[in-house]
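The values are calculated or read from the model by the stated rules, or taken from the named source; none is laboratory data. Worth saying up front: this structure is predicted, and the values here are computed from it rather than measured. Note: ideal-geometry Cβ built from the backbone for every residue, glycine included; neighbour counts use all protein chains shown.
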Amino acid sequence: MRSFASLGTTRRMFVCLPLLMTSSVAAQSTWYAVRGPGNAFVVDMPGEPVYKVIDTRSPGGASFAYHSYSLEYRRLSFVAQTALLPPDIDARQPRPYLQSVLDDRAQRLAGGKWASVEWRDVQGAPAVDSMGSVPGGTVLRQLVILKGRRFVSLAYLAPADTLRTPEAERFFKSMRLGT
């Protein structure tokens, strides 16, 4: 993976690409295996993402950091985030924690609720896959996983007619949890 110092050039190159690409050209784009810190996860993205560390606080006041990787690709947005949750967040029962994440993010959806929610396991870890409409005609799909104290989230934001693109399917199917 190239260094993030070369990211400005890469982003300018993607902005210059034609907005309407055929599926065969899109399938030939350069995909990157994005690795989270400490080998938390690996996920494929159709370009090199912007990496940020977002400092935040738990409801109990403990500091922790989200590691965020985001990419705007054509009319599609891809985001992968991870954090090691601080001890004051109760992760012993994953489903209530994951439900709180759903509830928090639903506040930003049209109508304040998810259109679909599917509870499942991802490589043995509890997860929830959800979709909902965002004001402005776009749709958000997110996959949130809790492996012990490790939080991992994939999000895809796109116009409703591009929800099931090959890029989106590859992004979600490529998720591999680390150690």
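Looking for whichever is among the polar types (S, T, N, Q) and surrounded by 15 or more Cβ atoms within 10 Å (Cβ to Cβ) here; the options are Thr179, Thr165. Which one fits?
Of the residues listed, the single one that is among the polar types (S, T, N, Q) and surrounded by 15 or more Cβ atoms within 10 Å (Cβ to Cβ) is Thr165.
Listed here are the residues, each with its yes/no results for (1) more than 24 Å from Gly111 (Cα to Cα); (2) in a strand (DSSP E or B); (3) under 11 Å from the mean Cα position of the chain (by Cα); (4) hydrophobic (A, V, I, L, M, F, W, C).
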| position | (1), (2), (3), (4) |
| --- | --- |
| Gly132 | no, yes, no, no |
| Gly136 | no, no, no, no |
| Leu140 | no, yes, yes, yes |
| Val152 | yes, yes, yes, yes |
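For the subset of the range 65-77 comprising residues that are in contact with a Pro (Cβ under 7 Å, 6 or more places away or on another chain) and part of a strand (DSSP E or B), which member is farthest from Ala158 (Cα to Cα)? Break it down into steps so the answer makes sense when it comes.
Of the residues in the range 65-77, the ones in contact with a Pro (Cβ under 7 Å, 6 or more places away or on another chain) are 67, 69-71, 73, 75.
So of that shortlist, the ones also part of a strand (DSSP E or B) come out as 67, 69-71, 73.
Details: His67: 22, Tyr69: 17, Ser70: 13, Leu71: 12, Tyr73: 10 Å.
So, considering only residues that are in contact with a Pro (Cβ under 7 Å, 6 or more places away or on another chain) and part of a strand (DSSP E or B), the one farthest from Ala158 (Cα to Cα) is His67.
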(message) Return the residues of the range 139-164 that are closer than 20 Å to Tyr69 by Cα and β-branched (Val, Ile, Thr); say none if nothing qualifies.
(response) Val139, Val144, Ile145, Val152
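Of the residues that make up the range 146-168, is at least one without any contact (Cβ under 8 Å) to a residue 24 or more places away in the chain and more than 25 Å from Gly60 (Cα to Cα)? Explain how you work it out, then say what you get.
If we filter the range 146-168 for residues that are without any contact (Cβ under 8 Å) to a residue 24 or more places away in the chain, which is where we start, we get 161, 164.
Narrowing further to those that are more than 25 Å from Gly60 (Cα to Cα): 161, 164.
Yes; the residues of the range 146-168 include at least one that is without any contact (Cβ under 8 Å) to a residue 24 or more places away in the chain and more than 25 Å from Gly60 (Cα to Cα).
For the range 98-115, which positions are more than 21 Å from Val43 (Cβ to Cβ) and outside any loop (DSSP other than H, G, I, E, B)?
The answer is Gln99, Ser100, Asp103, Asp104, Ala106, Ala110, Gly111, Gly112.
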(request) Any residue in the range 60-78 that's under 17 Å from Ala33 (Cβ atoms) and modelled with pLDDT under 90: show its pairings with residues that are part of a loop (DSSP other than H, G, I, E, B) and not polar (S, T, N, Q) at Cβ separation under 8 Å, as long as the two are six or more apart or on different chains. (result) Tyr73/Pro46; Tyr73/Gly47
(message) Between a residue in the range 101-116 that is free of Cβ contacts under 8 Å to residues at least 24 places away in the same chain and over 20 Å from Ala91 (Cα atoms) and any residue that is part of a helix (DSSP H, G or I) and of a type in the set (A, V, I, L, M, F, W, C), which pairs come within a Cβ distance under 9 Å, given they are 6 or more apart or on different chains?
(response) Gly112/Ala106; Lys113/Ala106; Trp114/Leu102; Trp114/Ala106
